[in-house]
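In what follows, a single structure is set out as structure tokens and then discussed.
The values are calculated or read from the model by the stated rules, or taken from the named source; none is laboratory data. Fair warning: this is a prediction, and the values are worked out from it, not measured in the lab. Glycine also receives a Cβ, built like all others from the backbone with ideal geometry; neighbour counts cover every protein chain displayed.
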Amino acid sequence: MTPPLTPDPEYFAAVLAEKLADVAARPLPILTPRVVTGPVQFRGKATAVTGIRRSGKTWFLHQLRAERVRRGTPLAHLPYVNFEDERLVGLRAEHLSRLLEGFYLNFPELRRGATPVLWCLDEIQSVPGWERFVRRLLDDEAVEVVVTGSSAALLSREVATALRGRAWPVVLFPFSFAEALRHAGRTPPARPESLASRDRSALERALRDYLEAGGFPEAQGLEQPARFRLLHDYVDVAILRDVVERHAVSNVTGLRWLVRHLLGNAAGVFSVEKFHAALRSQGIAISRDTVHELLAFVQDCYLVRTVWMESASERRRMVNPRKTYPVDPGLIAAFDRSGRANLGHALETTVLIELERRGVETTYVRTAEGHEVDFLARHADGRTELIQVCADASGGDTASRELRALTEARRQFPKARATLLTASRAGLPPSVPSGVKAEPAWVWLLRPPS
């Protein structure tokens, strides 16, 4: 079916009907269940699932559909549409009414029925004005709506303006360590802190593999050359589709320098001023405002996560540099040019993403004495936690440095629980001061959040 030169409602109606029929006839895929923080669906609200491309948002929608099938809903009653289809170029919100007409023509008993229809709308931000359609769907039909997109900024802005409190945000990251284990056919232990030595060694090996390969589903099990090529392709697509095209970026050279710098310097301190000066020294014309803007764009598409310094003063927080992390530890080795091992940076990145996955607000701490604690985590229930990450703290000097920073930070945050995480049990320090807990990171990652 060849797309028309101008938008044609009849053409789009035929394509959408074909897509609904195809997905109703296609068996649901076998998938690794994903875990997200908090509830997903609400009657009368749209769930907006965002996250980096290729993190599994589409599969998550099929997971929601599979749960309904297990509860007895026929697959044909669970409409799913992926709007990233070249046949739908030019589709606008006013054409989407044909989608509803086609579906309810086949299933009129579902219209305003007692059981809400679950509508799964994948990458819907490709359709201008989509939020108005979703609001009408919520107002006029008995439905639950789940939408996905690769940009936090666009979805958030549109949800805020058109849906006005009618949406529930959910962020989906690449596989966690526990999900990667399940994907490989292994069941995470219920009590990871109480394992026999053989099982403990196997988990420590699995964590090292995870820190190298990361959690992108398609990267699991790939040899390094293929994995690196895949991850570079992911980044290129994110740059092109979610930044350049979506935000009409003209300074693509500056954008690529920025992305390479951020991904190649994981867990590093990033200063817009210094990066701007570095670009200018290379003869790349770019303004400071543009650097700020580009940084916001790569955060919005989830390629990079940033952590602000903890401060009660907004001005002090703004003038101090942020720490930056890739969204997945597998990107570190793929973009690092130093040839050095990055186990510590990958572990720190993994801990940050796990905190975000659990819905925890995170900053880093610089003590009055000038030392640094990687994360101050504020949980939704009011608990606070100081977390220091060190791949190997078994050496006396390293242990002293990491624990000194935690001890200093505890004086500033006396109610916070203090934790030191290492890559293995062998990397634990010989002793820890009172009030500090040291444990292998795989125990912390696999233990259910308290």
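Val146: under 14 Å from Leu99 (Cβ atoms) and either surrounded by 21 or more Cβ atoms within 10 Å (Cβ to Cβ) or modelled with pLDDT of 90 or more (or both), yes or no?
no
Quick one: would you say Leu91 is modelled with pLDDT of 90 or more, of a type in the set (A, V, I, L, M), assigned to a loop (DSSP other than H, G, I, E, B) and touching a helix residue (DSSP H, G or I) at 6+ places or on another chain (Cβ under 7 Å)?
Against the criterion (modelled with pLDDT of 90 or more, of a type in the set (A, V, I, L, M), assigned to a loop (DSSP other than H, G, I, E, B) and touching a helix residue (DSSP H, G or I) at 6+ places or on another chain (Cβ under 7 Å)), Leu91 qualifies.
Scan segment 374-391 and tell me whether some residue there is of a type in the set (A, V, I, L, M) and over 25 Å from the mean Cα position of the chain (by Cα).
Within segment 374-391, none of the residues are of a type in the set (A, V, I, L, M) and over 25 Å from the mean Cα position of the chain (by Cα).
Of the conditions (1) touching an Asp or Glu at 6+ places or on another chain (Cβ under 6 Å); (2) farther than 30 Å from Leu203 by Cα; (3) at pLDDT 75 or above, Pro174 clears all except one; give me its number.
Against the list (1) touching an Asp or Glu at 6+ places or on another chain (Cβ under 6 Å); (2) farther than 30 Å from Leu203 by Cα; (3) at pLDDT 75 or above, Pro174 comes up short only on (2).
Being hydroxyl-bearing (Ser, Thr, Tyr), closer than 29 Å to Ser126 by Cα and in contact with a strand residue (DSSP E or B) (Cβ under 7 Å, 6 or more places away or on another chain): is that true of Thr290 here?
In short, no.
With the structure loaded, tell me whether Val127 is more than 18 Å from Leu31 (Cβ to Cβ), crowded, with 17+ Cβ neighbours inside 10 Å, in the same structural domain as Pro29 (by TED's automatic domain parsing) and without any contact (Cβ under 8 Å) to a residue 40 or more places away in the chain or whether it fails that test.
No: the conditions fail for Val127.
Test Thr324 against the criterion of being surrounded by 16 or more Cβ atoms within 10 Å (Cβ to Cβ), in the same structural domain as His371 (by TED's automatic domain parsing), hydroxyl-bearing (Ser, Thr, Tyr) and part of a strand (DSSP E or B), and give yes or no.
Details: surrounded by 16 or more Cβ atoms within 10 Å (Cβ to Cβ): yes; in the same structural domain as His371 (by TED's automatic domain parsing): yes; hydroxyl-bearing (Ser, Thr, Tyr): yes; part of a strand (DSSP E or B): yes.
Yes, satisfied.
Among the candidates Leu355, Leu347, Leu376, which residue alone is in a helix (DSSP H, G or I) and closer than 12 Å to Val307 by Cα?
Leu355
Considering Leu172, Leu230, Leu163, which residue is free of Cβ contacts under 8 Å to residues at least 40 places away in the same chain and buried (at least 16 other Cβ atoms within 10 Å of the Cβ)?
After applying the criteria, what remains is Leu230.
From the list Leu28, Leu16, which one is over 22 Å from Asp242 (Cα atoms), assigned to a loop (DSSP other than H, G, I, E, B) and of a type outside the set (Lys, Arg)?
Checking each option against the conditions leaves just Leu28.
Which of the following residues is touching a residue at least 40 places away in the same chain (Cβ under 8 Å) and either out of contact with any helix residue (DSSP H, G or I) (no Cβ under 7 Å at 6 or more places or on another chain) or farther than 17 Å from Arg305 by Cβ (or both): Val269, Val244?
So the residue among Val269, Val244 that is touching a residue at least 40 places away in the same chain (Cβ under 8 Å) and either out of contact with any helix residue (DSSP H, G or I) (no Cβ under 7 Å at 6 or more places or on another chain) or farther than 17 Å from Arg305 by Cβ (or both) is Val269.
Which of the residues that make up segment 39-59 are assigned to a loop (DSSP other than H, G, I, E, B), charged (D, E, K, R) and touching a strand residue (DSSP E or B) at 6+ places or on another chain (Cβ under 9 Å)? Don't jump to the end; show me each part of the working.
Initial filter on segment 39-59 (assigned to a loop (DSSP other than H, G, I, E, B)): 39-45, 51-56.
Okay, now just the ones that are also charged (D, E, K, R), so 43, 45, 53-54.
Across segment 39-59, the qualifying residues are Arg43, Lys45.
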